[in-house]
Amino acid sequence: MDLRITSKNMELSDNIRDYVDKKAGRLDRYLRHIDEASLELTRASSRSAQDRHIAQLTVRVRGTILRAEETAADVFTAFDAVLDKMYRQIMRYKTSRRGRRRPQEEDLMPPIEEYEEEAGRQIVRTKRFLVLPMSEEEAAEQMELLGHDFFLFLNANTGDLNIIYRRRDGDYGLIEPELA
């Protein structure tokens, strides 16, 4: 597995890089066929010493994106915490995959491109991705794996763009837009 490491507002020393490579190399043992893995380490300007370092780990496997983010007082603790969270995501992913009967070729999603916008006060981040047809259940599964509260997808049954979201009561809601 090739892990791409980036850092923001901090120096990425050889000591940190070696530590991350050694620990993250174990992901292959738990999850085969990793297409892409990236780690972003950020030093935030926070008043709280507990939230100074942020580690975000993203893993793409067979079209599914697994993402975890943690904050801690130092970069090593943040990385260890995000790795533990990723292991839990992997276990959830593997158990949910056992029940699926869909061919692998249809599971593939194109790579996600993320763009950060600096202009404007309200839109601070733009994400672009290609959507493939999937069922409502698969969209809910993808949303849970990403840890998001909503997910935009192309409904395989209707051919329309839909949004699935988590309701306050824990159930899911589905938005089916209609053109005016």
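Scanning the range 148-156 for any residue that is modelled with pLDDT under 85 and either crowded, with 16+ Cβ neighbours inside 10 Å or on the phi < 0 side of the Ramachandran plot (or both) turns up nothing. For the range 24-42, a tally of residues being at pLDDT 90 or above and surrounded by fewer than 19 Cβ atoms within 10 Å (Cβ to Cβ) returns 3. Considering the conditions (1) over 17 Å from SER96 (Cβ atoms); (2) surrounded by 15 or more Cβ atoms within 10 Å (Cβ to Cβ), LEU179 is excluded by exactly one of them, (2). Surrounded by fewer than 16 Cβ atoms within 10 Å (Cβ to Cβ), outside the structural domain of PHE151 (by TED's automatic domain parsing) and more than 26 Å from LEU145 (Cβ to Cβ), is that true of ARG17? It is true that ARG17 is surrounded by fewer than 16 Cβ atoms within 10 Å (Cβ to Cβ), outside the structural domain of PHE151 (by TED's automatic domain parsing) and more than 26 Å from LEU145 (Cβ to Cβ).
The values are calculated or read from the model by the stated rules, or taken from the named source; none is laboratory data. What you see is a predicted model, and the numbers here were worked out from it, not measured in a lab. Every residue, glycine as well, gets a Cβ built from its backbone with ideal geometry; the counts of neighbours run over all protein chains shown.
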